[in-house]
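Working notes, structure below.
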Amino acid sequence: MRYFFFITALLFIFSNMQAQQLPQQAYDLYPTLRDMYGFAAAVYEDKVVVFGGMIKSDVPEITVKDFPNLEILLIDIGKKRASALSSANLPGPLGEQMAATGLAYYQQGHMLYVVGGYGYSDTEQRFITFPYLTAIDLEASVPALLAGQNPVAHFYQLCEERLALFNSVLQFNGQEFFLINGKYAWQLRPFEDDARYYEEDRTGEAHSFRLQGSGRHLRIEDFKSWYDVNELRAYYGPLLPMEIEREINRANHKRTNQ
């Protein structure tokens, strides 16, 4: 019975989880999490799964920049252990996005939805903002990870150029998804002396869309872009998730103080 309440409490925590807020047990079992940011995280039963993000450099005088997390972390709170699988085991753009930082994500039941992110694309030989929504079936992928198997068959990636954002916020109101604020960037010739970096602040921009179908039949429908977040608020009113309301207020505050 105590185990049942423990699992129930974890599910409640994660169903209301905002970015980077994990239960203390996850940090105790994988202390490096304390130095990580920009990742996507989810729970299946008593397992915590972490994708991508950056790890803060603890030797700044040697390593000036933080470095990417290139592993899928699986933290088994029930059995008090942690393991990792290289995200490079996922092919092409899928593995690249799962190693990105600034990922927006939302968990709905046993499905985790990950959007955007910024990172290196070996496919394009440069840093990009990934234009993808990836749906991850936790019910199938977590057992695969536990068995040491590649979970790629349970990841479903869709391309939509308007989703190319990082450090944005993804929320769901029961019918539609909302993606708001964030940045867009790229870097050409990142390992050369003449590297070029470009960045756009997309604060005050939002997108709404629905997902239909499942698995390999998943598709994006009713996609709308909102370049004035106050119009988004006026259109949806009380149907907007609280986190989206907070992001609208943040965008308005930033615009007022510019």
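Read-outs throughout are calculated quantities, based only on the coordinates presented, and are distinct from any laboratory measurement. Please read these numbers as outputs of a predicted model, since none were measured by experiment. Positions of Cβ are backbone-derived with ideal geometry, glycine not excepted, and every protein chain shown enters the neighbour counts.
With each label modelled as a point 7 angstrom along the Cα→C-beta vector, the residue 88-residue 210 pair spans 4.3 nm.
The value given for segment 65-124 is a Kirkwood hydrodynamic radius of 12.9 Å, derived from the mean inverse Cα-Cα separation. The label-point distance for residue 57 and residue 110, in a model that sets each label 7 Å from Cα toward Cβ, rounds to 4.3 nm.
Using the Kirkwood formula over every pair of different C-alpha atoms, what hydrodynamic radius in Å results for the chain?
Details: mean 1/r = 0.0525 Å⁻¹.
Result for the chain, one decimal place: 19.0 Å.
Taking only the Cα atoms of segment 131-190, the ratio Rg/Rh comes out at 1.08, with Rh defined as the Kirkwood radius.
Only helices at least 15 Å long along their axis, Cα-based, and averaging 1.0 or more on Kyte-Doolittle count here, so list those DSSP H runs from the chain.
The answer, listed by residue number, is 2-15.
By the count of other C-beta atoms within 10 Å, a proxy for reagent exposure, 87, 57, 141 are ordered fewest to most as 57, 87, 141.
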